[in-house]
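Structure first, commentary second.
Any read-out appearing in this document is the output of simple, stated calculations on the displayed coordinates, not a laboratory observation. Not measured: the values here are computed from a predicted model. Heads up, the Cβs are rebuilt from the backbone with ideal geometry, glycines too, and the neighbour counts pull from every protein chain shown.
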Amino acid sequence: MTPTLLKIAFIAIGIFIVYKLIFSGKKGLTVFEMHFKEGRLSSHKGKIPEKFEKECRAIAKANKLTCTIRAEKLNGVRLHVSANVGDDITQRIRNIFPFEYYDKKQVDNSRKSS
């Protein structure tokens, strides 16, 4: 009975490792997330730049979008738009996103000597 338990444990550990390798890809810190349903902003999380939010609402309303727009920060900022949105609308959203707002380098004044 012990050899079968060891085999089951070994298989379970193998499945767990494979699952972790496949589904635990590196994800960055979520900066914000917006959920649109039939052209209306249904929910949001995080701090969204005002101009970007207004322009996204206008695009979503004009095209009656049902989608999710998410920004993640890992080294730089990446913008993710749901796959059910067309490429032309996705590009319009990327064009209005203020990447430079998040790419600012902070200056460390503590090491400067006068």
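Before moving on, here are some points about what is shown:
- Taking Cβ atoms as reference points and 15 Å as the exclusive limit, the residues near Ile13 contribute a net charge of +2, counting Lys and Arg as +1 and Asp and Glu as -1.
- Here the spin labels are modelled as points 7 Å beyond Cα on the Cα-Cβ line, and at Lys27 and Arg92 they lie 2.9 nm apart.
- Estimated [θ] at 222 nm from DSSP helical runs (n ≥ 4, -39500 (n - 2.57)) normalised by residues in the chain, nearest 500: -14000 deg cm²/dmol
- The chain, relative contact order in percent, only Cα pairs under 8 angstrom and at least six apart counted: 21
- Computed over neighbours whose Cβ is under 14 Å from that of His35, the net charge equals +2, Lys and Arg +1, Asp and Glu -1.
- Within straight-line cross-link reach of Lys54, aspartates and glutamates at Cα separation under 19 Å, skipping those fewer than 8 residues along the same chain: Glu33, Glu38, Asp88, Glu100
- Of Lys47/Lys73; Lys45/Lys73; Lys27/Lys61, those spanning more than 21 Å from alpha-carbon to alpha-carbon: Lys27/Lys61
- Value of Rg to Rh for the chain, rounded to two decimals, is 1.24; Kirkwood radius and Rg both from alpha-carbon coordinates.
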